[in-house]
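Read the structure below first, then the notes.
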Amino acid sequence: MTDFTLPLDGGCFCGKIRYRIDQPPLFTMACHCSDCQQMTASAFSLGLAIPKAGFSLLSDVAPRTIDKTADSEATSTRYLCPDCAGWTHTTTTGSPDSVIVRPSSLDDAAWVRPIAEIFTRSALPWARLATAFSYETEFTDPSPIVAAFEASDIRPS
């Protein structure tokens, strides 16, 4: 994807955790799982899938981590600021080559909109989104979502 303006920078609420994205995102999504609802105190979390090699922490402060093993046996690690508890990103053993950045932690998140939604079986009735892809649980093959994102107009301004 050559039309994606990089790098993208972001961080937590207090600014102690800073990161940089220097490879184009793979796709955007909303997750309606009950864990994300609890972590965000909202209806869903937003995720921006990034190739792992395209994500780096810029600050010397180590994030606090929270691990959770899902029904699928995959373990997700959520990374939070140790001071303000801002949730910046997640890794999972189910997708070891990517990092899911919380796009609301980007310095400029106005361009982000989800192209897919997952765990809709847990979605609050009023919180369903009009996305191109919708899954009751997890998806196993991200390639159609990646292709649709590459063809979309979802880009930083």
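Odds and ends about this structure:
- Among (1) within 21 Å of Gly11 (Cα to Cα); (2) in contact (Cβ under 8 Å) with a residue 60 or more places away in the chain - the single one Arg78 does not satisfy: (2)
- Checking Asp67 against (1) in contact with a strand residue (DSSP E or B) (Cβ under 8 Å, 6 or more places away or on another chain); (2) open to solvent by 30 Å² or more (accessible area, probe 1.4 Å); (3) outside any strand (DSSP E or B), the condition it does not meet: (3)
- Single residue of region 115-132 satisfying the filter (of a type in the set (Gly, Ala, Ser) and out of contact with any strand residue (DSSP E or B) (no Cβ under 8 Å at 6 or more places or on another chain)) that is surrounded by the most Cβ atoms within 10 Å (Cβ to Cβ): Ser122
- Where Val146 falls short, out of the listed (1) within 17 Å of the chain's Cα centre (by Cα); (2) under 17 Å from Leu8 (Cα atoms): (2)
- Every residue from region 78-96 that is modelled with pLDDT of 95 or more and more than 12 Å from the chain's Cα centre (by Cα): Leu80, Cys81, Pro82, Asp83, Cys84, Ala85, Gly86
- Residues being farther than 13 Å from Arg102 by Cβ and modelled with pLDDT under 95 - total across region 10-52: 8
- With respect to the conditions (1) touching a residue at least 60 places away in the same chain (Cβ under 8 Å); (2) open to solvent by 20 Å² or more (accessible area, probe 1.4 Å); (3) among the hydroxyl-bearing types (Ser, Thr, Tyr), Ser105 falls short on a single one, namely (2).
This table checks each residue for (1) under 21 Å from Ser34 (Cβ atoms); (2) in contact with a helix residue (DSSP H, G or I) (Cβ under 7 Å, 6 or more places away or on another chain).
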residue	(1), (2)
Gly94	yes, no
Val99	no, yes
Pro103	yes, no
Trp111	no, no
Glu138	yes, no
Asp141	no, no
Glu150	no, no
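- Residues in region 20-64 that are in a helix (DSSP H, G or I), under 27 Å from Thr137 (Cβ atoms), hydrophobic (A, V, I, L, M, F, W, C) and open to solvent by 30 Å² or more (accessible area, probe 1.4 Å): Met39 only.
- The residue that is most open to solvent (accessible area, probe 1.4 Å), among those in region 133-156 that are outside any loop (DSSP other than H, G, I, E, B) and aliphatic (A, V, I, L, M), is Ala151.
The values are calculated or read from the model by the stated rules, or taken from the named source; none is laboratory data. Computed from a predicted structure; not experimentally measured. Positions of Cβ are backbone-derived with ideal geometry, glycine not excepted, and every protein chain shown enters the neighbour counts. Remember, those area values only see protein heavy atoms, side chains included, never the ligands or the DNA or RNA. Shrake-Rupley method; radii C 1.70, N 1.55, O 1.52, S 1.80 Å.
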